[in-house]
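Here's the structure we're looking at; comments come further down.
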Amino acid sequence: MSKHRVLILGGTTQARQLATALAERGDCELLLSLAGRTATPMAQPVPSRSGGFGGAHGLAVFLKAGDFDLLIDATHPFAARISDNATIAAQQTGIALFALRRPVWERQPGDLWTCVPSIPEAVAALGQNPRRVFLAIGRQEVSHFEKAPQHSYLIRSVDPVAPPLAVADARYLLATGPFEEAAECALLAENRIEVIVAKNSGGAATYGKIAAARALGIKVVIVERRQPADIRAVATVEDALELADHLFSPEMKRGV
Ligand code: NAP
């Protein structure tokens with residue numbers, strides 16, 4: 001029997017975990033796609049490719065040319081453009097699509113959260129008075145904080161922030177998760193952090209800073225997700241495997 005050809009749009013821990021689990025089934029030919037932003041990406045468990053497709057149409061052409069049966073969007077919940085492109089490409093080609101999307105973090109008792117819809121609004125939420133701020137939002141949108149040069153920043157990212165932020169006081173920390181609560185507590189205390197800016201990414205790998213902030217009584221400006229693309233979504237790798245099984249069933253393949 002021919003194998004199911006699956007394209008996974010990745011760039012997340014969950015995408016790697018799903019690729020590993022699907023590979024173990026033995027009935028799939030997998031390709032994991034990365035945006036190619038990270039200078040030294042982690043080793044991937046299955047064959048991978050890197051770089052954009054050239055928009056939704058480019059992705060549709062790639063899916064057709066590769067004779068794929070299934071597209072799985074396992075990108076980061078804040079990577080909105082690729083998810084929109086996946087939706088359009090699936091519609092154009094008729095290829096099955098679903099998303100693996102971890103649930104948002106919910107506010108817990110003791111959390112001192114200010115929720116905002118975007119990074120520019122996170123900048124404004126820091127206020128006028130100088131504060132010691134930990135930016136844990138990746139590097140792509142960090143430059144917005146140049147609008148608030150009165151604060152002291154500790155900025156953590158996987159790759160260097162280039163060019164550096166045009167503010168008087170910014171320090172940089174290069175690190176890749178997961179980040180445990182105890183280590184996050186130590187980092188926040190050592191740097192006398194007063195407020196954290198974080199995206200509501202969901203999942204366990206970067207939750208340590210949220211738990212640490214709660215334990216230490218530190219404020220967090222949470223950037224909420226925009227409304228996700230209107231596609232079928234599952235929250236866990238197990239649910240993704242189950243749904244893939246369903247989609248691979250002979251009835252579904254015949255379209256009944
Ligand atoms: P984005 O704004 O949604 O995507 C911008 C463009 O990058 C897309 O239009 C596409 O180019 C290309 N692209 C994105 N993901 C791709 C993938 N997996 N494979 C091939 N091309 C991809 O995404 P982003 O926010 O820049 O994030 C880029 C990648 O980093 C994503 O894959 C995401 O999973 C990962 N990531 C993002 C964040 C975050 O906070 N945004 C955090 C952690 C990891 P074309 O239109 O040319 O196809």
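Observations on the model:
- Selection within the range 2-42 - closer than 18 Å to ILE95 by Cβ, part of a loop (DSSP other than H, G, I, E, B) and within 14 Å of the ligand (Cβ to nearest atom): GLY10
- The residues of the range 139-172 that are within 18 Å of ILE222 (Cα to Cα), of a type outside the set (Lys, Arg), at pLDDT 95 or above and within 16 Å of the ligand (Cβ to nearest atom), listed by number, are GLU141, VAL142, SER143, HIS144, PHE145, ILE155, SER157.
- Among residues of the range 31-44 that are outside the structural domain of VAL161 (by TED's automatic domain parsing) and at positive phi, those with a Cβ under 6 angstrom from a residue that is open to solvent by 60 Å² or more (accessible area, probe 1.4 Å) and within 11 Å of the ligand (Cβ to nearest atom), sequence gap 6+ or separate chain, pair up as GLY36/SER50.
- Matching residues, the range 43-96, being within 9 Å of the ligand (Cβ to nearest atom), in a loop (DSSP other than H, G, I, E, B) and closer than 20 Å to PHE248 by Cα: ALA74
- Any hit, the range 132-151, residues being over 19 Å from the mean Cα position of the chain (by Cα) and free of Cβ contacts under 8 Å to residues at least 12 places away in the same chain: no
- Number of positions in the range 187-198 that are under 30 Å from ARG16 (Cβ atoms) and exposed (fewer than 12 other Cβ atoms within 10 Å of the Cβ): 0
Okay, residues lined up against (1) among the aliphatic types (A, V, I, L, M); (2) buried (at least 17 other Cβ atoms within 10 Å of the Cβ):
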site: ALA56; (1), (2): yes, yes
site: ALA65; (1), (2): yes, no
site: ALA74; (1), (2): yes, yes
site: ALA86; (1), (2): yes, yes
site: PHE98; (1), (2): no, yes
site: ARG101; (1), (2): no, yes
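- Residues in the range 119-140 that are more than 17 Å from ALA175 (Cα to Cα) and open to solvent by 10 Å² or more (accessible area, probe 1.4 Å): 11 in all.
The values are calculated or read from the model by the stated rules, or taken from the named source; none is laboratory data. None of the values given here were measured: they were computed from a predicted structure. Glycine gets a Cβ as well: all are built from the backbone with ideal geometry, and neighbour counts include every protein chain shown. These area figures cover heavy atoms from the full protein model, side chains too; ligands, DNA and RNA do not enter into them. Shrake-Rupley method; radii C 1.70, N 1.55, O 1.52, S 1.80 Å.
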